[in-house]
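*Asks:* Here it is, the structure in full.
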Amino acid sequence: MGNRGKHVIDSVHSSGRLETGLGSPHPMGAREPPVKITLVPSAVDGRGEEALQFLTSYLINETVGIDCGALGQYRTPADQSRIRHVLLSHTHIDHIGSLPVLVENAYEGKRDCMTVHGSPAVLDCLRRDIFNNRVWPDFLSLSTPEAPFLKLATLEPGRPVELEGLKITPVPVNHVVPTFGFIIEDGKGAVVISSDTGPTEEIWRRANETPNLKAIFLEATFPDSMTPLATVARHLTPVMFADEVRKLSRPVRVIAVHIKARFHAEMVKALGELGLSNLEIGRSGKTYSF
Ligand SMILES: [Zn+2]
Ligand SMILES: [Zn+2]
């Protein structure tokens, strides 16, 4: 893992690489680059950075994925094989859809394989609904000690995991299925990825206690005209989004993600009218620096 010293949080189609000092020393005299986070593109029109986001995934330091909506469509099998860990927030298809493809692309027949992390509900879904010899071959049963396809690891609420120089804390959020948001720390800075959630509390409480919080990626899914649906589906509208941002005790960059593509223009307009000074509209393929 020659890239362990690089701490990049990016998404599929990341164009830049983040390097920070988190977790490992830098060469003498090397300037510590900022942390960069790229939103993985999933609306493929070949023009590079795109406003629309159909599927959700982020890639950190090229070796850790958060969700897998589009990671299996990312770059090349060689690049995908560098992804050592994938943490899944929840079981909805826009967050796990390309996982079977990723596991297949990344497979190198080596003892050291990818580990997929999730709550018990997520891992149960993978076993029963994905790797079940119907939707996809049962890569778990097909794995041998010498050449496993993947390993599963259980995430527990509030219990950090240390992966590739990052400390990642899963925090339950308010969605229709068991869902984790994530607080990602590298020793110098922290970023929150909310995942899918309606109004929630614990992740903001923890975020307010986290030193050097730089940014949050916060979902905004439905327009305010669809508040009843947002409430039932446990997502946020722009008005609800602003209420969540106000739970932060410090001003940080706020990046709106998970905007339903068919309402994108309406949502961007409404989000812009909220008066949030630190607001940015997430762009798939963009690398964010913190
Ligand atoms: Zn969801
Ligand atoms: Zn979603």
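*Asks:* Starting from residues that are surrounded by fewer than 23 Cβ atoms within 10 Å (Cβ to Cβ) and among the hydroxyl-bearing types (Ser, Thr, Tyr), keep the ones in the range 164-208 and report whichever is nearest to the chain's Cα centre (by Cα).
*Replies:* 169
*Asks:* Strands (runs of 3 or more DSSP E) wholly in the range 57-142 with at least 1 residues that are away from ligand 2 (no atom under 16 Å from the Cβ) and touching a helix residue (DSSP H, G or I) at 6+ places or on another chain (Cβ under 6 Å) - which ones?
*Replies:* 114-118
*Asks:* Would you check if there is a residue in the range 151-173 being polar (S, T, N, Q), closer than 27 Å to residue 282 by Cα and in a loop (DSSP other than H, G, I, E, B)?
*Replies:* No; the residues of the range 151-173 include none that is polar (S, T, N, Q), closer than 27 Å to residue 282 by Cα and in a loop (DSSP other than H, G, I, E, B).
*Asks:* For residues in the range 259-271 being among the hydrophobic types (A, V, I, L, M, F, W, C) and within 11 Å of residue 53 (Cα to Cα), which is surrounded by the most Cβ atoms within 10 Å (Cβ to Cβ)?
*Replies:* That would be 259.
*Asks:* Right, another one. I need a count of the residues in the range 232-280 that are modelled with pLDDT under 95, within 15 Å of residue 222 (Cα to Cα) and in contact with a helix residue (DSSP H, G or I) (Cβ under 8 Å, 6 or more places away or on another chain).
*Replies:* 0
*Asks:* Next up: Cβ contacts < 6 Å: first residue buried (at least 21 other Cβ atoms within 10 Å of the Cβ), restricted to the range 73-89; second residue assigned to a helix (DSSP H, G or I) and not hydrophobic (A, V, I, L, M, F, W, C), any location; separation 6+ or different chain. Result?
*Replies:* Taking only residues 6 or more apart or on different chains, the pairs are 80/105; 89/95.
*Asks:* Also: Return the only residue of 94, 79, 124 being of a type in the set (Asp, Glu) and within 16 Å of ligand 1 (Cβ to nearest atom).
*Replies:* None of the others qualify; the one that does is 94.
*Asks:* Quick one: which residue in 215, 242, 256, 230 is surrounded by 15 or more Cβ atoms within 10 Å (Cβ to Cβ), farther than 27 Å from residue 289 by Cα and not hydroxyl-bearing (Ser, Thr, Tyr)?
*Replies:* The match here is 230.
The values are calculated or read from the model by the stated rules, or taken from the named source; none is laboratory data. If you're wondering where the values come from, they're calculated on a predicted model, not measured in any experiment. Cβ coordinates were reconstructed from backbone atoms using ideal geometry, including for glycine residues, and neighbour counts include every protein chain displayed.
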